[in-house]
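Only the coordinates and a few stated rules stand behind these numbers; no lab work does. What you are looking at is a predicted structure, and each value in this text was computed from that prediction instead of being measured. Positions of Cβ are backbone-derived with ideal geometry, glycine not excepted, and every protein chain shown enters the neighbour counts.
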Amino acid sequence: MRRITIFGATGSVGQSTLDLIGRDPQAYRVVALTGGQNVTQLARDAIRFRAELAVTAHDACLPALRDALAGTGIEAAAGAAALTEAAARPADWTMSAIVGAAGLAPGLAALKQGRTLALANKETLVAAGALVMREAATSGATILPVDSEHSAVFQCLAGGEPAEVERLIITASGGAFRDWPVERLARATPAQAATHPNWTMGQRITIDSASMFNKALEVIEAREFFGIAPERIEVLIHPESLVHALVGHADGALMAHLGPPDMRHAIGYALNWPRRAPLPVARLDLGTIGQLTFRTPDPARYPALDLARQVMARGGLSGAVFNAAKEIALDAFIAGRLGFTAMSDIVARVLDRAEAEPGLIDAAFDLDNVLRADQMSRNWAQAQIDGRVYG
Ligand code: NAD
Ligand code: MG
């Protein structure tokens with residue numbers, strides 16, 4: 001029986017992971033499940049999957065979690081230290097599916113075990129790619145990509161080495177506003193941004209899809225994961241979301257990965273790797289689909305993509321700055337305190353501000369410095385937003 005731990009078990013990726021595990025309960029033993037405020041769901045899943053431990057990120061939710069688990073023998077815990085402790089419990093396969101930079105510390109702690117980390121939390125690589133890859137190399141852990149585009153690239157590469165690759169093309173749906181006039185974007189509301197044309201995902205990543213901050217994070221994620229030069233990574237809008245990524249080889253051949261827009265595909269690949277096993281996902285009928293379309297993203301509509309290029313060119317801790325500023329700008333947009341297009345303005349200003357801070361971006365690449373850059377950038381972003389609203 002493989003021992004499994006899932007960080008962010010109550011979220012969209014976490015639930016899809018449990019769906020797959022629940023189809024073959026004899027094969028898995030669940031060690032820990034973690035969640036946020038949704039304690040009822042966390043407890044229900046912990047009981048159903050006979051987890052050893054359930055952890056909520058919020059101390060205030062602990063009494064409710066304890067109540068819900070009373071008499072079951074399942075341990076309940078809360079808070080950041082409990083998450084890291086859960087990550088240190090022996091597990092063969094750990095899913096990192098918390099949203100945001102909050103996923104970084106548990107992911108790093110899980111890597112120290114030297115087992116397998118299935119990585120959905122892209123922020124981990126964006127904020128601390130060099131640190132994460134170093135930790136994996138030291139402990140001998142395997143990181144498997146779960147972001148669908150990166151899983152697609154990984155599958156297209158099977159047998160090949162990134163060094164032999166001429167280019168990676170990751171596709172983007174274009175998000176909720178891909179066909180809106182650019183002038184309307186400034187007035188887009190959170191509710192409008194939180195509808196995705198092709199996938200059902202968590203609220204934050206869905207809004208990031210509309211702004212293309214999600215693709216911006218993924219370009220950086222691809223650079224960190226595959227170690228490929230930034231200029232070899234391309235983004236292509238593909239409204240059907242059936243081709244997830246393409247890998248271009250030195251001879252001009254392109255290998256494409258196609259699949260239905262269902263995260264259980266990428267999660268299942270990471271779960272069964274290095275083998276392939278049947279998955280309960282729809283089979284594509286290309287004759288009925290008829291056509292696949294592609295177009296180049298317009299930089300004026302999606303400024304986040306240029307910001308990602310800046311971050312890759314700058315290197316150092318600029319990824320941590322970028323991610324943190326984006327998280328605060330996104331919070332403010334969701335709260336109705338910031339316009340949709342102002343999010344990228346805020347991130348651009350925070351990148352400039354961080355550049356002017358002596359020693360910040362070029363500090364040694366360790367967790368303390370990543371968290372320091374993250375916190376300072378959050379403060380700067382918040383000050384920018386407060387200035388805009390009240391100033
Ligand atoms: P979600 O919002 O549905 O779920 C997030 C999970 O993290 C929940 O369990 C929540 O309780 C937990 N969480 C939230 N804030 C936390 C905090 N501060 N501390 C600890 N736990 C916290 O998100 P999702 O859509 O499942 O995405 C999860 C991650 O996977 C993100 O990094 C996202 O970018 C990535 N991802 C998601 C998809 C998708 O289809 N949903 C696809 C590719 C990559
Ligand atoms: Mg993705």
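Couple of notes before you dig in:
- Computed from the C-beta positions of T200 and A256 and an R0 of 30 Å, the FRET efficiency is 0.80 to the nearest 0.05.
- Span from the region 286-304 Cα centroid across to the region 154-195 one, whole angstrom: 9 Å
- Calculated from backbone phi, Karplus (6.51, -1.76, 1.60) coupling profile of region 76-88 in Hz, x at Gly/Pro: 10, 8, 8, x, 5, 5, 5, 5, 5, 5, 4, 5, 8
- Viscosity 0.890 mPa s, 25 °C: Kirkwood-radius Stokes-Einstein D of the chain over Cα pairs, µm²/s: 115 µm²/s
- Note that region 344-384 shows a convex hull volume over its alpha carbon atoms of 61 Å³ per residue.
- Residues M255, M212 arranged by fewest to most Cβ contacts within 10 Å: M255, M212
- In the chain, the DSSP-assigned H stretches of four residues or longer account for a calculated mean residue ellipticity at 222 nm of -14000 deg cm²/dmol, using -39500 (n - 2.57) per stretch and the full residue count as denominator.
- Taking Cβ atoms as reference points and 11 Å as the exclusive limit, the residues near P190 contribute a net charge of +1, counting Lys and Arg as +1 and Asp and Glu as -1.
- Ranking of M343, M312 by count of other Cβ atoms within 10 Å, fewest first: M312, M343
- Given R0 = 45 Å, the distance between the Cβ atoms of T40 and A163 translates into a calculated FRET efficiency of 0.40.
- Region 62-116 and region 369-385: distance between their alpha carbon centers, rounded to Å: 26 Å
- Summarising the amide proton neighbourhood of G79: residues at separation of 5 or more, or on other chains, whose placed amide H is nearer than 5 Å comprise T56, A57, H58, D59.
- The dipole here belongs to region 315-390: it is taken about the Cα centre, uses +1 on the Cβ of Lys and Arg and -1 on the Cβ of Asp and Glu, and is about 300 debye.
- Charge dipole (debye, nearest 20) of region 1-84; +1 at Cβ of Lys and Arg, -1 at Cβ of Asp and Glu: 260 debye
- Neighbour counts of C-beta atoms inside 10 Å place D59, D92 in the sequence D59, D92, starting with the fewest.
- Debye equation applied to the C-alpha atoms of region 1-118, log10 I(q)/I(0) at 0.11 Å⁻¹: -0.29
- Between T72 and S139, the contour length at 0.36 nm per residue exceeds the alpha carbon distance by 20.7 nm.
- Debye log10 I(q)/I(0) for region 284-353, one point scatterer per Cα, at q = 0.15, 0.20 Å⁻¹: -0.59, -0.81
- Net dipole in debye of the chain [+1 Lys, Arg Cβ; -1 Asp, Glu Cβ; about Cα centre; nearest 20]: 740 debye
- Burial order of peptide ranges 184-197, 38-51, 321-334 (average beta-carbon count within 10 Å, highest first): 321-334, 38-51, 184-197
- Based on C-alpha pairs under 8 angstrom that are at least 6 apart in sequence, the chain has a relative contact order of 14 percent.
- Kirkwood radius for region 238-315, taken over all pairs of different Cα atoms as the inverse mean of 1/r, rounds to 15.6 Å.
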